[in-house]
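The values are calculated or read from the model by the stated rules, or taken from the named source; none is laboratory data. Just so it is clear, the model here is predicted, and its values are computed rather than measured. Here the Cβ positions follow ideal geometry from the backbone for every residue, glycine too, while neighbour counts run over all protein chains shown. Note: areas computed on protein heavy atoms with side chains; ligands, DNA, RNA excluded. Shrake-Rupley method; radii C 1.70, N 1.55, O 1.52, S 1.80 Å.
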Amino acid sequence: MNEKAFDIQEYMTHGVERVVKEAIKATLKNPKESVFMARFAAASKAASKIRRKAEDAGEHIPPFLIASITSQCNLHCAGCYSRCNHATVDAAPVKQLTSEEWLRIFDEADELGVSFILLVGGEPMLRQDIIEAAGKKPNILFPIFTNGTFMDEEYFALFDKCRNLLPIMSIEGEREITDARRGSGIYDKLIANMDELYRRGLIFGASVTVTTENLKEVSARAFLQSLSDRGCKAVIFVEFVPVTEESQELAPGEEEREYLHSEIMRLRQEHPEMVYIAFPGDEKSSGGCVAAGRGFFHINSHGGAEPCPFSPYSDINVRDASLRDALKSPLFLALQQEGVLLEDHPSGCVLHEKRAQVESLLAASAGH
């Protein structure tokens, strides 16, 4: 696709509008949640105008930001790309960003017109201070990608008070496959959390890492119906990215990705009570990969601005620079201008597939 003919801003704005519209539809039976989503829809529309104004002035602002608010995690999930990249560890990291620094980032994101900030880790719920800071930014929706093991009364109360905080619990399918990847007893903990969130009238979602082993199970009617029956309102399918040769066979290929895409299209039609999102999804419809600031970018727990969590390379830190400056980093601009994001590739992640090229662009940007 011709990059000049493709308007990434318009595409992402329409994508945001669709997600918000489906979320409103998904919460119609929950008055408290519907009121919040209607307010967020207005805020999201205002943010789109801010981004469009910037685009017309020659500055591209993505609607999404991924924030790894900690690199600490209590689980050792099989095949975890973050542990393989040494981005996730057991102990609390030193010199990670403080809650005050993250709040400054959230403030700036709000001013720039960012509508969604995905809180990830490590295990993000280990940083309740930052999640409480996020709750103070009602114009931004904060999906919290959690393993669910730290959900407690304090968090339930916080989610009730701050409706812009949306827990997204990681589940791999039914009990056997979830516990095999995440640890014994994790599935039962997740189901107990879902039941409690539903009982309290709180909206939540599920994140599913899609592999060649669980693809059919996690897109099956029975599994998705069981989530819907428990009150789940969003399912985010994340394609498994292999970071070792041994895990290569778990990565969905072209055939599996086509199957998942067609299943998601069907699910959106047949089950409007839930929002379905695929990541990285169908890159062909978005003119290529939307990382490195095209549609989103990533900030790690120490402040490094990276193209994507799967591509842990950085030449600028938001401790010393603004978000606006980070989006104009030499690495981000090189990735966009050199066409790396638009290249064909066999795996679900072009930046991981072309990591040697990314490292060479990083070295070149450091020499500037």
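Per the conditions (1) in contact (Cβ under 8 Å) with a residue 24 or more places away in the chain; (2) within 14 Å of Met169 (Cα to Cα); (3) surrounded by fewer than 21 Cβ atoms within 10 Å (Cβ to Cβ), the sole criterion not satisfied by Ala192 is (1).
Residues in the stretch 180-204 that are touching a helix residue (DSSP H, G or I) at 6+ places or on another chain (Cβ under 9 Å) and part of a loop (DSSP other than H, G, I, E, B): Gly185, Arg200, Gly201, Leu202, Ile203. The residues of the stretch 68-85 that are at negative phi and part of a loop (DSSP other than H, G, I, E, B), listed by number, are Ile69, Thr70, Ser71, Cys73, Asn74, Leu75, His76, Cys77, Ala78, Cys80, Asn85. Taking the condition touching a helix residue (DSSP H, G or I) at 6+ places or on another chain (Cβ under 8 Å), closer than 29 Å to Arg83 by Cβ and aliphatic (A, V, I, L, M), does Ile177 pass? So Ile177 passes the test.
One line per residue, one yes/no per condition, for (1) surrounded by fewer than 24 Cβ atoms within 10 Å (Cβ to Cβ); (2) assigned to a loop (DSSP other than H, G, I, E, B):
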{"position": "Leu118", "(1), (2)": "yes, no"}
{"position": "Gly122", "(1), (2)": "no, yes"}
{"position": "Asp129", "(1), (2)": "yes, no"}
{"position": "Ala133", "(1), (2)": "yes, no"}
{"position": "Lys137", "(1), (2)": "yes, yes"}
{"position": "Phe150", "(1), (2)": "yes, yes"}
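Contact map, the stretch 227-240: first residue within 17 Å of Arg200 (Cβ to Cβ) and open to solvent by 20 Å² or more (accessible area, probe 1.4 Å), second residue assigned to a helix (DSSP H, G or I) and of a type in the set (Ser, Thr, Tyr), Cβ cut-off under 8 Å, separation 6 or more or different chains; pairs are Arg230/Tyr198.
Restricted to the stretch 14-45, and to residues there that are of a type in the set (Gly, Ala, Ser) and under 26 Å from Gln336 (Cβ atoms), the residue that is most open to solvent (accessible area, probe 1.4 Å) is Gly15. When Ser314 is tested against (1) assigned to a helix (DSSP H, G or I); (2) under 19 Å from the mean Cα position of the chain (by Cα); (3) farther than 21 Å from Val235 by Cα, only condition (1) is not met. Every condition in (1) under 24 Å from Lys354 (Cα atoms); (2) modelled with pLDDT under 90; (3) under 19 Å from the mean Cα position of the chain (by Cα); (4) open to solvent by 10 Å² or more (accessible area, probe 1.4 Å) holds for Glu258 except the one numbered (3).
Identify all residues within the stretch 48-64 that are open to solvent by 10 Å² or more (accessible area, probe 1.4 Å) and either closer than 13 Å to Ile117 by Cβ or not in a loop (DSSP other than H, G, I, E, B) (or both); write none if there are none. Result: Ser48, Lys49, Ile50, Arg52, Lys53, Ala54, Glu55, Asp56, Phe64.
Within the stretch 296-311, which residues are at pLDDT 85 or above and in a loop (DSSP other than H, G, I, E, B)? Within the stretch 296-311, Asn300, Ser301, His302, Gly303, Pro307, Pro309 meet the criteria.
Going by what's in this entry, would Met274 be described as over 25 Å from Gly79 (Cβ atoms), hydrophobic (A, V, I, L, M, F, W, C) and in contact with a Ser or Thr (Cβ under 9 Å, 6 or more places away or on another chain)? So Met274 fits the description; yes. Take Glu55 and decide whether it is modelled with pLDDT under 80 and closer than 25 Å to Cys308 by Cβ. So Glu55 fails the test. All of Glu101, Glu176, Glu111, Glu172 fail the test of being assigned to a loop (DSSP other than H, G, I, E, B) and of a type in the set (Asp, Glu), apart from Glu172.
Just to be sure before I move on: is Ser285 assigned to a helix (DSSP H, G or I), at pLDDT below 75 and within 30 Å of Leu215 (Cα to Cα) in the structure I sent? Here the answer is yes, as Ser285 does meet what is asked.
Pairs are defined by a Cβ separation below 7 Å, a sequence spacing of at least 6 or placement on different chains, a first member in the stretch 159-177 that is without any contact (Cβ under 8 Å) to a residue 40 or more places away in the chain and open to solvent by less than 10 Å² (accessible area, probe 1.4 Å), and a second member that is part of a loop (DSSP other than H, G, I, E, B) and among the small types (Gly, Ala, Ser); the pairs so defined are Leu165/Gly135; Met169/Gly148.
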